[in-house]
Amino acid sequence: MFRLQVFLIVSLGAALGAAVEVQRPRGVPLEKRHFYDESRPFTCLDGSRTIPFDRVNDDYCDCKDGSDEPGTAACPNGSFHCTNAGFRATFIPSSRINDGVCDCCDTTDEYNSGVSCQNTCRELGQKERETLEKMAEITREGFLLKRQLIEEAKQGLQEKQGKLSELQASRKEHEEKVDALRTVKETAEQPEREAKERHLKAWEAQKAALQLEKEKAKMAEVFLELDGDADGLVSVSELQTHQELDPDGDGALTDTEAQGLLSGADKVDSAGFQNVWSNIKDKYVSEVRGPSCLLLKSGETDFWLEVSVHSYPEDDAGDEEDDEEEDDDDDVPEEYDDKVTCHRCRPMCATCSSLPESLEKEISFDFGPSAEFAYLYSQCYELTTNEYIYRLCPFNRVSQKPKYGGSETNLGSWGSWNGPEGSKYSIMKYDHGTGCWQGPNRSTTVKLTCGKETAVLSTSEPSRCEYLMEFSTPAICQEPPSLETVAPETDPHDEF
Amino acid sequence: MWMFWAAWLSSCLTVTVAVDRGNFKTCDQSAFCKRQRAMTPGQSPFRALLDTLELSDSRLTLQLINDNNKVRLLLELYRLQGNMTRVKINELKPLKPRYEVPDILVTDPPTEPLSVVSRDENGVVLSLGAEACRLIVSAQPFRLDIMEGPQVLLSLNSRGLLMFEHLRPRKDTWRYPSFTFLFFQAPDEENAKEDESGMWDETFKSHTDSKPNGPSSIGLDFSLPGVEHVYGIPEHADDLKLKTTDGGDPYRLYNLDVFQYELYNPMALYGAVPVLLSHSPQRTMGIFWLNAAETWVDISSNTAGKTVFGKMLDYVQGASETPQTDVRWMSESGIIDVFIMLGPKPADVFSQYASLTGTQSFPPLSALGYHQCRWNYNDQEDVRAVDAGLDEHDIPYDFIWLDIEHTDGKRYFTWDSSKFSQPREMLQGLMDKKRKMVAIVDPHIKVDSGYKIHNEIRAKDFYIKNKDGADYEGWCWPGSAGYPDFTRPDMRAWWASMFAYDQYEGSMENLYTWNDMNEPSVFNGPEVTMHKDAIHQGAWEHRDVHNLYGFYVQMATAEGLIQRSGGVERPFVLTRAFFAGSQRLGAVWTGDNAAEWGHLKISIPMCLSLGLVGISFCGADVGGFFKAPSTELLVRWYQTGAYQPFFRAHAHVDTPRREPWLFGPENTAVIREAIRQRYGLLPYWYQLFYHAHRTGQPIMRPLWVEYPEDAATFTMDDQFLLGRDLLVHPVTEEGARGVTAYLPGRGEVWYDIHTFQKHNGAQNLYIPVTISSIPVFQRGGSIIPRKLRIRRSTSCMENDPYTLFVALSPQRTAVGELYIDDGHTFAYKENKFIHRQLTFANNTLISRFVDLIFSFLLSSPCV
């Protein structure tokens, strides 16, 4: 087998940049220089073997740990040290030595590949220093802002807690009062109640009759609706205009199935339709369509009917309505579903108790170790791209809306802090957004970066339906080493 | 049938969303197939008119007459060099010319003299050269038999299934009785009527095929006495050994874009190679049915369904019946033009077929590295990040791929101006790392008057026409699209010129091409493809040329890549659709598979089948295209793909990201190791491709190719050989704790390439496996070159030393070779390469030049 004899070539101190090269075998970092003593045999750094020194960097791998070939690509697990004077020293895998690609900015990795590399360490160093200075400034100012935020959050929290306990106290007081009054009242009302119960029963009966009447009216209405040719009869084909009545759920209402619904007859009149109606009323969808609220007035009582209509399985339908509500009352994000539900029809008795509960919820949020993220609560931030307007409402939801019209898509509701250990608060996760065709529900990862402004910097969709957002906020800014220090010196161990 | 499949589906594919079978025809729904199949074995109505026999030096012609309708056919017989026979049958006087497939044969096959040995009123005996090889023409009923000594090797029309629908004028009403298929032996009147249907038009789902030329199908049967194993006729997602088709559909050859294809059935897929191989311990033969129309192949066997016990019983009782396999080909139009390759060894059949349709193109070395693909890498930043991610995790790769989203609105040859605003900058960034890119160029062209490519094609009138003469338009990725007529040489020349650097904006020499959707895929067409009555140049119907379309697209594209470099650089073009001869043009992959264990398993027989018919450069989407693979499946797929010729990871746009480092450090390490093994063995891979290119021998081989007498190997398709010397048994079972590999060759030894442990041949070996195991063995007696310095890409490793792995035979000898050239140009054609034969004997390694001329100087001292 061929073996290329590359003799130890001591780096002649190209003296690029300011540092002076100390003589040592190629690819050896300064701190390991003493292991490579020309005058003695070389012992692999894992101690596994000792070889004559002329086999160091001879382009043949002798040591299992690769330590005999710090300057060649011979060992699969070796690493090469670039001094990179003027920039940052670094190690590269030895497979990148002489591979024709410039890896070290001081060009030392390409000493025999024929490629000519430019020494770019000085520029890189300059650039990095500038960036670091800028970063440091941002961090400094951001951190000052953060302190302020923390202070505000503290005050806000205290206020809210105060308000909450006040409210709770007053509610308790109120409830006690009510209890007391009730006792008084109940004793007084005992005879009256019995009479009332009788009334109530009568009322129930009346209500049932009313319900029946309503049912009949509805049936008549449906009959007319179904009787397309107005011949006073509902036929199989007329029934088939309502595919939702399909009993086996295969999506098609066949002749036989329709006939079955008509109890075997081809046609029924309005009398015969009574039986049919009981078969179909659960499924029947009126042609007078839409998520409508039916308000039926009867006597002194208002009946609110909640109507749920399954919309198309498309993601977006109905988003708007949800949003308005959520934005209005700063409610916690609701379970999002694909049905259009007629929220306004819901009997609302919220006002009396919602305030303390929403306060409790707000207080219970994890707004960071010093509640520095609290200021984001109930705020929204937008970013407009070529096609879409993205909207981030921290601790609530992320959404996307086409710039030129179209409905909004939910990209996820607040999930949790999701950063890696040690920097948990660097990433927010929003999930359970609108579902994707054959895919997962949309979700968004929000990466927080230190900045003076609070703003969405960028959005992308690295994988279908998994969004990534960059969000700058002072609240994530770390305390600089020393607030008083001006531009910090380049930290050689700083990770990039 | 439906019930059967439904039951099968529910038992095997519990959660799978599978192909919508209703979108694709069964034989019963394909009128000509139904008519052909309605004819059952019996006495053939054809008679050879011996008095019309004419024999020139190498060509025999003879008229055949159908006694039922008196239509005459012309039979031509040729004896070809290299132990082949060509049989052509056409109408003697067709109403108009019938299509004969051009451009597939590399040359007019050289012939050898035919001579009449004997002749009487019953037939003629011809000599096929020496060794008692005879061709017997029987007159009534007409049949052909090829004999060697007393043994019949192969018979044509022995079951009387020759059927030739002659062209006929259309009458006012197609039900007119004179159109009754007289030569069809319809058993009764009712059947005859039914058989007529679909002759002058045919409706499938909402599409009507107008069939202005009426019926034109052809069919012929072949009998193979002594044969129990037949292979080939890809592309099907099925076992290596072809199954009998009695009671089911025939194997179908009709290039189709099948959404979420199903495994283990004879449905047509993206490509078609009408070549069938037969094998028995005594002889390997091949049948090449040169026809580009929709084709169905029926296979039946007299031993099918017999258990081993049943066969033994036959043997013990001395049952007279020898095993026999019968094959029946049916095509919708064209002529019968069939090449019978007589072997006798597998290697002979490969050479014979290669002499007809050419050999595997010799790809640039980089194309044998790892390919990182996804639909889609979103933008330049994404490309940069993936490139950096692979570097960060020390994973080598050579190509990163861009799918359709890189274009400006699916206008090929363009770039999305916001996502890929600086393509040359991006390509330069890759070039600085010695890496390359592939961008997709599909053949459907957006109909858009603001699109240069469309305007030029329209101005040159290069689009395929619909039946009414207007430009054919179909629906595909860009919306409404035209389909250039790639059967036109002038169209192909123009297309090729579009790859010039000054035409294809943003392209550079490290940008290569991928042709997808070239079946062609037409979303709103019948069976998701083009209407058969669409018209190509020369007034040929799409029906006649359908299976050629993808071949021509790749041909024009590869030519473009060659031309842009002034003829210097080897092209690399991947295609999804293919035909016989596509091996000359680049690589193919098995299309839109799914992230399921079954799809991983099937990748082996699918690529083996392609290799048997010349197309060696084959691979499956690593990880599976549809759906998200489990981590274990992804890892196993990398391990399998690393040992298959074309090694590309790909994923559907709706699946989560799956770059190799996204599954935790342990899995990243296992995937990295698999890819590194690939790079280490690239010298061997390259040498195998060189051989495939020179000789037509497959790269990925079923075991029986090298061990033709070992019946244990005949149905094996969970393991394979690379060349002769590496045996691979990838782990393709979920949760596997071990695999049982069969090591062939009595008296041979095999070495585990990871542990160097020695195992004897001719045994089933149980190998315990962990998640990092890839069972691979090197044959004792072989020398395999590797490169052990695994770097970022193949060209980063260009100047690295080779390490020879010498695996000794029990006789303590070994042979091997080493092939080295510049890795990317055609200079090897001028003998600028090193090719050395290595021999190890008596503890000495000797290296000799294989080729006499040596003018290639390596830039580094190697070997």
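The reciprocal of the average 1/r between distinct C-alpha atoms defines the Kirkwood hydrodynamic radius, which for the stretch A:365-476 equals 14.1 Å.
If the Kirkwood radius is taken over C-alpha pairs of chain B, then at 25 °C and 0.890 mPa s the Stokes-Einstein diffusion coefficient equals 87 µm²/s.
Amide H contacts of A:Cys105: none lie under 5 Å away among residues 5 or more positions distant or on a separate chain (H built 1.01 Å from N in the peptide plane; Pro and chain starts excluded). Placing unit charges on the Cβ atoms of the charged side chains and taking the dipole of the protein assembly as shown about its Cα centre, the candidate lying farthest along the positive direction among B:Ala558, B:Gly334, B:Tyr751 is B:Tyr751.
Amide H to amide H distances under 5 Å link B:Val106 with B:Thr357, B:Gly358, where only residues 5 or more positions off or on other chains count and H is placed in the peptide plane. Rounded to the nearest 500, the 222 nm mean residue ellipticity of chain B from helices alone is -6000 deg cm²/dmol, with -39,500 (n - 2.57) taken per DSSP H run of at least 4 residues. Charging the Cβ of each Asp and Glu at -1 and of each Lys and Arg at +1, and nothing else, the dipole of the protein assembly as shown about its Cα centre rounds to 5680 debye.
Whole-Hz Karplus values for the stretch B:322-338 come out as 7, x, 8, 10, 10, 10, 10, 9, 9, 10, 6, 7, x, 10, 8, 9, 10 Hz, taken residue by residue from phi with 6.51 cos²θ - 1.76 cosθ + 1.60 and θ = phi - 60°; glycine and proline positions read x.
The listed peptides B:272-279, B:670-677, A:97-104, B:122-129, ordered by packing as a protection proxy, come out as B:272-279, A:97-104, B:670-677, B:122-129 (highest mean of other Cβ atoms within 10 Å first). Shape class for the stretch B:208-286, computed from the alpha carbon gyration tensor (a ≥ b ≥ c): oblate, with a/c not under 1.5 and a/b at or below b/c. The value for the stretch A:86-193 of Rg(Cα) / (2.2 N^0.38 Å) is 2.76. As a rough footprinting exposure proxy, the listed residues A:Cys436, A:Cys477 were ranked by other beta carbons within 10 Å of their own, and the order from fewest upward is A:Cys436, A:Cys477.
Peptide B:421-434 shows a mean partner chain C-beta count of 1 within 10 Å per residue C-beta. Sort the protein assembly as shown into rounded, prolate or oblate with this rule: let a ≥ b ≥ c be the square roots of the eigenvalues of the Cα gyration tensor; rounded if a/c is under 1.5, and if a/c is not under 1.5, prolate when a/b is larger than b/c, oblate otherwise. Oblate. Checking the Cα-Cα distances for B:Lys93/B:Lys171; A:Lys283/B:Lys205; B:Lys465/B:Lys532; B:Lys25/B:Lys93; B:Lys243/B:Lys532; A:Lys172/A:Lys361 against a 23 Å cut-off, the pairs over it are A:Lys283/B:Lys205; B:Lys25/B:Lys93; B:Lys243/B:Lys532.
Taking 0.36 nm per residue of sequence separation and removing the Cα-Cα distance, the A:Glu244/A:Ala208 pair yields an extension gain of 10.1 nm.
Among B:Ile457, B:Ile464, a tally of other beta-carbon atoms within 10 Å of each Cβ gives an order, fewest to most, of B:Ile457, B:Ile464.
Coupling constants for the stretch B:461-476 follow from the phi torsions by the Karplus curve (6.51 cos²θ - 1.76 cosθ + 1.60, θ = phi - 60°), and in residue order they are 6, 8, 6, 5, 9, 7, 4, 8, x, 7, 4, 5, 10, x, 9, 8 Hz; glycine and proline get x. Under a straight-distance cross-link criterion of Cα-Cα below 23 Å, which lysines are reachable from A:Lys401, leaving out those fewer than 8 residues away in the same chain? Here the lysines satisfying the reach criterion relative to A:Lys401 are A:Lys339, A:Lys429, A:Lys447, B:Lys419. Each Cα pair under 8 Å and six or more residues apart adds its sequence gap; the mean of these over the residue count of chain B is a relative contact order of 10 percent. The overall shape of the stretch B:38-154 is oblate: from the C-alpha gyration tensor, with semi-axes ordered a ≥ b ≥ c, the ratio a/c is 1.5 or greater and a/b is no larger than b/c. Amide H contacts of B:Val815 (H built 1.01 Å from N, in plane; Pro and chain starts excluded): B:Ser782, B:Ile783, B:Phe840 sit under 5 Å, all sequence-distant by 5 or more or on other chains. The mean number of partner chain beta-carbon atoms within 10 angstrom of a residue's beta-carbon across peptide A:73-79 is 3. One Cα centroid belongs to the stretch B:223-290, the other to the stretch B:671-707; the line between them spans 24 Å.
Quick note: the coordinates plus some simple rules give every number you see, no bench work behind them. Since this is a predicted model, take the numbers as computed values, not measurements. Don't worry about glycine lacking a Cβ; one is built from the backbone with ideal geometry, like all the others, and counts go over all protein chains shown.
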